[in-house]
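Take a look at the structure set out below.
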Amino acid sequence: MEFAFASEVFRSRIFKNNLCTIGFGIILFIAMLGLLAPVIADDPYKTNLAERLKPPSLEHPFGTDQLGRDLFSRVVHGARTSLFVAMTISLISMAIGCLIGAVSGYFGGIIDDIIGRIIDVFLAIPELVFNIALVGIFCVAYGVSTWNVILAVVITNWVSYARITRGIVLSLKEKEFVLCAKAIGARDSYILLRHVIPNAIGPIIVLATLNMGNVIMTIASLGFLGLGIQPPTPEWGQILNSGKNYITTAPWITFFPGLFIALSVLGFNLLGEGLRDVLEKRTLEY
Amino acid sequence: MITRRDFLKYMTLGSATLLLGCAKKTPIATPTATPTTPTYKAEFVLGYGKDHRLRGGKWGIGFFPKIHVLERLVEYDLKNDDYVPCLAKKWEVEQDGKVLTFELNKGVKFSDGSEFDAKAVKFTVEWLKINHPLGSETFESAEIVDDYTVSITFKDAMFFNLAKMAEFHMSIMSPKSVRPEGDPKGEFVLPIGTGAFKVVDYKEEQYAVYAPNEFWYERFGIKPKFKRFVVRFIKDEDTRVMALKSGEVDAISDYSHGGSDYTPRNQLGLLQREGYKVFKRVIPLTWIIAFNYKKEPFNDVKMREAVDLAVNRDEVVKIFDNQVLPARTLFIEDAPGVKEAGVTYEYNPEKAKQIIDELGCAGIEVNMIVDKAQSDQILVCQLIQQQLKDIGINVNLEILETGAYKQKRDAGEYDMRLYYIGGTDRRFYLRMFWRFHPARKWKAYVSERTGDLCEKILTEFDKEKRKQYLIEFYRAIHEEHGVVPLYFDIMTTVASKNVDISYEDMFHYPNGIPFGEPLFYAVGVREV
């Protein structure tokens with residue numbers, strides 16, 4: 001029954017929504033490029049100094065960088081890195097944030113007060129500045145790794161999920177189905193996982209989709225500042241950074257990774273907006 | 001009524017006027033413009049990567065003021081491997097170099113008008129002995145023989161003592177630079193020297209303002225083209241380039257220490273194409289791959305040889321638009337003994353691969369640490385990573401913050417890293433000591449054989465014998481593949497189009513002594 005309903009929503013609502021379709025199309029396009037990177041692109045690490053700083057051509061559709069590496073290969077492989085890291089961050093943040101937010105909203109009292117203050121502290125610090133500091137600390141403590149970036153961004157990113165989930169749970173816990181479950185003696189953990197969180201999932205999915213764009217921007221910003229994923233691993237922000245000194249002579253080094261960052265953020269934002277429209281409509285109907 | 005004759009007359013007149021009007025203008029002869037002396041701005045602004053530490057520090061004031069505010073007793077002529085007079089007229093070597101007696105030039109004045117004499121040299125030696133790491137390990141005492149003769153006793157008897165006297169750190173300052181005046185234990189206030197500049201103002205980590213030292217310019221019979229020389233400290237290399245492009249500074253220059261805080265070499269070609277004046281001089285500073293040669297796998301000479309053979313130096317210099325030269329020898333040709341040694345570093349990836357296969361090390365994983373602050377080195381490391389991959393060595397790059405980099409380097413937690421040997425001309429022997437002597441901390445490579453040769457080089461006063469030791473040393477380093485030379489570095493200054501200075505003035509003292517460090521006594525910014 002639930003599956004049939006979900007599939008009906010997808011068919012009739014999501015794909016009829018223009019924002020959703022365009023956003024989904026863009027993301028699908030970038031994701032496919034990333035997935036097919038080993039087939040459609042060359043080795044992104046292969047240097048060829050004879051081909052240094054070559055403009056876009058049939059041989060190198062996006063041109064080459066200062067080490068003569070094919071930029072198309074680097075940007076397309078960069079999609080894998082950026083999307084994988086962004087997805088990982090979003091999923092971990094969502095899991096942590098939803099759990100903390102649900103516990104905070106459901107139990108209330110001193111637990112809610114403590115979690116609420118912790119959330120306030122995190123929200124008071126500018127996210128990017130906090131990320132920069134964390135990445136720096138992790139690099140010194142644990143050495144250079146992609147997981148430093150993931151961990152640093154997760155530490156700041158769970159907060160928005162916790163805040164939204166807490167708000168939803170606060171209203172859901174007063175609903176009849178929750179009270180009924182309590183009346184028949186269901187355990188709190190069962191009520192939370194079985195009844196409360198599934199009913200809060202709509203807004204969380206919207207948030208997660210919109211948040212993906214933010215996370216991609218954060219990873220790219222850290223990469224641009226030289227704090228994110230380190231060379232030679234292809235990553236959009238880091239490629240953008242490497243091209244900044246050549247902006248007048250070889251603008252393609254900055255243009256194409258910039259374009260892909262913009263496209264992916266646009267794609268996730270459009271999809272998020274569209275999902276919000278669809279899910280809000282569904283909520284209103286009920 | 002107009003007759004036909006009038007009509008024809010007017011038509012002819014009109015046509016003639018029209019033709020004259022359409023005719024190409026012939027240049028009107030003007031009197032030839034007499035060449036006028038360009039007018040220069042009162043202020044010259046330089047962007048520089050390091051604070052000048054004009055209030056002193058562990059290693060004294062910065063290198064820029066050491067070169068521009070102070071002078072040394074002797075200077076070094078790399079090409080001839082000779083020490084030439086500067087503040088000292090001549091010198092005598094006694095007790096195998098344990099004692100050096102310097103006869104000083106007369107009539108030289110410090111920028112405050114006081115006389116330069118033996119007292120100033122004695123004060124400087126005593127001050128350095130108490131306050132400076134190099135001074136404390138070098139000097140024993142200084143005695144005044146007469147007003148213009150001073151005898152310096154060193155801790156050890158060696159040629160290296162004379163070489164050290166041309167070093168940045170051994171620059172002579174006035175006893176009035178400290179408070180109480182002339183007290184070697186006194187507090188350092190500001191440097192007062194005999195050099196081209198005098199200090200006017202200074203704000204730590206922000207700026208330093210200098211003015212021409214009239215006594216210095218008078219001594220050499222030249223006139224300064226500026227009234228104030230302002231140095232802005234811009235730490236970030238890209239920001240320095242942007243400051244030049246925006247016109248905030250008239251020129252940017254390398255930190256004379258060599259090997260850091262310089263204009264990225266990969267941008268020099270671009271700046272040149274954009275019309276900036278690029279002054280560069282090749283110095284005996286070679287960027288190398290340094291191995292952690294005491295631990296596996298690079299404690300094996302064959303592994304080091306494989307890396308040496310796999311590096312394509314011609315490719316490395318392409319990163320820098322060929323602005324630097326590939327290092328096929330340990331130092332540049334002008335360095336003593338290099339030509340005669342006949343040692344050439346070869347590129348032979350097939351042979352390198354064969355060695356790796358014979359060692360059974362194909363697919364071996366090694367790590368290479370890089371300092372994130374140096375964008376050039378990050379590019380070089382990525383290229384080397386690819387070149388070594390081709391012979392079966394997988395290099396994991398660790399691009400680290402400067403602090404983390406130093407921590408790993410000092411703890412020996414690396415297999416390979418980029419490093420430099422040598423320096424500007426005056427540092428040739430000093431860095432020989434620092435990089436290859438067994439007793440030093442910042443070593444690049446030391447074996448029993450090379451360490452022994454290094455000791456002999458630094459002891460031997462006889463130029464020819466010293467050259468022979470140098471030749472043996474270059475051969476030993478090559479045979480043991482102690483380090484892998486990559487490229488010869490340069491010292492640069494990039495200046496705006498309206499900055500006037502010749503290459504000769506930029507890299508030569510007015511008396512013709514070649515300097516590895518850029519000199520700014522003759523610069524001027526033309527009024528546009």
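The values are calculated or read from the model by the stated rules, or taken from the named source; none is laboratory data. All figures in this text were calculated on a predicted structure; none of them were measured in a lab. Neighbour counts are summed over all protein chains in view; Cβ atoms, including those assigned to glycine, are modelled from backbone coordinates with ideal geometry. All accessible areas refer to the heavy atoms of the entire protein, side chains included, with ligands and DNA or RNA removed. Shrake-Rupley method; radii C 1.70, N 1.55, O 1.52, S 1.80 Å.
Which parts of segment B:378-409, residue by residue, lose 30 Å² or more of accessible area when the rest of the protein chains are there, as against the chain isolated (1.4 Å probe)? Correct list: B:379, B:382, B:383, B:386, B:399, B:401.
Between residue B:410 and residue A:247, the modelled labels are 3.7 nm apart [label points 7 Å from Cα along Cα→Cβ]. Toward the positive end of the charge dipole of chain B, with +1 on the Cβ of Lys and Arg and -1 on the Cβ of Asp and Glu, the farthest Cα among B:138, B:62, B:341 is that of B:62. Calculated translational diffusion coefficient of segment B:283-489 (20 °C, 1.002 mPa s; Stokes-Einstein with Kirkwood radius over alpha-carbon pairs) equals 125 µm²/s. Counting only protein heavy atoms and a 1.4 Å probe, chain B has 42 square angstrom of accessible area per residue. Scalar couplings 3J(HN,Hα) for segment A:17-26, obtained by applying the Karplus form with A = 6.51, B = -1.76, C = 1.60 to θ = phi - 60°, are 7, 4, 4, 4, 5, 5, x, 4, x, 4 Hz; x denotes Gly and Pro. With R₀ fixed at 22 Å, the C-beta to C-beta distance from residue B:140 to residue B:79 puts the FRET efficiency at about 0.10. Karplus-derived 3J(HN,Hα) values for segment B:313-319, using 6.51 cos²θ - 1.76 cosθ + 1.60 with θ = phi - 60°, are 5, 5, 5, 4, 6, 5, 4 Hz; glycine and proline are entered as x. The gain in end-to-end length when the residue B:322 to residue B:90 segment is fully stretched comes to 79.4 nm, 0.36 nm per residue minus the alpha carbon separation. Normalising by residue count, the protein assembly as shown has a Cα convex hull of 301 Å³ per residue. Neighbours of residue A:191 by Cβ distance under 9 Å: Lys/Arg scored +1, Asp/Glu scored -1, total +3. Surface composition of the protein assembly as shown: carbon and sulfur make up 58 percent of the accessible area, probe 1.4 Å. What's the tally of Lys pairs in segment B:290-390 whose alpha-carbon atoms lie under 26 angstrom apart, where the two lysines are 8 or more places apart or on different chains? For segment B:290-390, qualifying lysine pairs total 22. Pairwise Cα separations in chain B fall into 10 Å bins from 0 onward with the following percentages, short to long: 4, 17, 25, 23, 15, 6, 3, 2, 2, 2, 1, 0.
Given their separation in residues at 0.36 nm each and the Cα-Cα distance between them, residue A:183 and residue A:59 gain 37.7 nm when the chain is fully extended. Maximal additional length on extending the residue B:112-residue B:333 stretch stands at 75.4 nm, based on 0.36 nm per residue less the C-alpha distance.
Here the label points at residue B:272 and residue A:175, each 7 Å from Cα along the C-beta direction, are separated by 7.1 nm in the simple model. Here the simple spin-label model places points 7 Å from the Cα toward Cβ, and for residue A:155 and residue B:220 these points are separated by 5.3 nm. A simple rule links phi to the HN-Hα coupling: the Karplus curve 6.51 cos²θ - 1.76 cosθ + 1.60 with θ = phi - 60°, which for segment A:202-218 gives x, x, 5, 4, 4, 4, 4, 5, 5, 5, 4, x, 4, 5, 4, 5, 5 Hz, with x for Gly and Pro. Contact with the other protein chains removes 30 Å² or more of accessible area, compared with the isolated chain and a 1.4 Å probe, from these residues of segment A:131-147: A:140, A:144. Charged neighbours of residue B:86, selected by a Cβ distance under 10 Å, balance to 0 (K, R count +1; D, E count -1). Assuming charge only on the beta carbon of Lys and Arg (+1) and of Asp and Glu (-1), the dipole of chain B about its Cα centre is about 2140 debye to the nearest 20. FRET efficiency for the pair residue A:145 and residue B:157, taken as 1/(1 + (r/R0)^6) with r the Cβ-Cβ distance and R0 = 60 Å, rounds to 0.70.
Amide H contacts of residue B:200: B:209, B:210, B:211, each under 5 Å away and 5 or more positions distant or on a separate chain (H built 1.01 Å from N in the peptide plane; Pro and chain starts excluded). Solvent exposure of chain A amounts to 48 Å² per residue of accessible area, where only protein heavy atoms count and the probe is 1.4 Å.
Spatially, segment A:179-253 and segment A:43-116 are offset by 9 Å when compared through their Cα centroids.
For residue B:393, the residues whose modelled amide H falls within less than 5 Å of its own, excluding neighbours fewer than 5 places apart on the same chain, are B:363.
With a 1.4 Å probe, how much accessible area is buried between chains B and A, both sides summed, in Å² to the nearest hundred? Buried area between the two chains comes out at roughly 2000 Å².
Using the Cβ-Cβ distance between residue B:301 and residue B:260 with R0 set to 22 Å, the FRET efficiency works out to roughly 0.15. Think of the protein assembly as shown as having a plus end and a minus end, set by charges on the Cβ of Lys, Arg, Asp and Glu; of A:44, B:84, B:158, A:44 sits farthest toward the positive end of this dipole.
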